[in-house]
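Engineer: Have a look at the structure that comes next, please.
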Amino acid sequence: MNKKANSLIFMLIATVVNLLLLMIFFILGFVILNFVISAMPDNAAVVQIGVVVVFIAAIALSFFVYSKLVNFVTVKFSLEDKLDPLFVRKGSHRQRGE
């Protein structure tokens, strides 16, 4: 396989992992929110703020864990030389096939 195909496969797998992380953090967040709401008296504002906090925290945590995981995997398996960069600067004159 060439570098483009390796990069495509890596990005597809990384995207699936990112979506799984996001779902896990959403589920954990709503489970924790359920415990917090059940311990407090009925208050609609707490529920609304809690849902917003869970959404923002799940997205932020999944992005953080995803970026750390991608960096770890890239270094661990030395993928720098096996993957083609997705974005190349305009000033960079990289030859095709390198």
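Engineer: Pull out all pairs, ordered by first then second residue, where Cβ-Cβ is under 8 Å, the residues are six or more apart or on different chains, the first lies in the stretch 32-47 and is surrounded by 10 or more Cβ atoms within 10 Å (Cβ to Cβ), and the second is modelled with pLDDT of 85 or more and of a type in the set (Gly, Ala, Ser).
Structural biologist: Final answer for the pair search is LEU33/GLY50; VAL36/GLY50; ILE37/GLY50.
Engineer: Residues of the stretch 48-92 being assigned to a loop (DSSP other than H, G, I, E, B), open to solvent by 70 Å² or more (accessible area, probe 1.4 Å) and closer than 14 Å to MET11 by Cα, which ones?
Structural biologist: Of all residues in the stretch 48-92, those assigned to a loop (DSSP other than H, G, I, E, B) come to 77-92.
Of the ones still in play, those that are also open to solvent by 70 Å² or more (accessible area, probe 1.4 Å) are 77, 80-82, 86-90.
Residues satisfying the conditions are GLU80, LYS82, LEU86, PHE87.
Engineer: Could you run through the stretch 12-30 and say how many residues are of a type outside the set (S, T, N, Q) and open to solvent by less than 70 Å² (accessible area, probe 1.4 Å)?
Structural biologist: Step one: list which residues in the stretch 12-30 are of a type outside the set (S, T, N, Q), which gives 12-14, 16-17, 19-30.
Going one step further and asking which of them are open to solvent by less than 70 Å² (accessible area, probe 1.4 Å), we end up with 14, 17, 21-22, 25-26, 29.
Adding up the residues that qualify gives 7.
Engineer: Moving to a separate point now. Would you say ILE9 is open to solvent by less than 100 Å² (accessible area, probe 1.4 Å), farther than 23 Å from PHE72 by Cα and at pLDDT below 95?
Structural biologist: On the way: open to solvent by less than 100 Å² (accessible area, probe 1.4 Å): yes; farther than 23 Å from PHE72 by Cα: no; at pLDDT below 95: yes.
When the stated conditions are applied, ILE9 does not pass them.
The values are calculated or read from the model by the stated rules, or taken from the named source; none is laboratory data. Treat the numbers as computed from the prediction; the structure is a model and nothing was measured. Backbone-built Cβ (ideal geometry, glycine too); neighbour counts: all protein chains shown. For the accessible areas, the whole protein counts, side chains as well, though only heavy atoms, and no ligand, DNA or RNA atoms are used. Shrake-Rupley method; radii C 1.70, N 1.55, O 1.52, S 1.80 Å.
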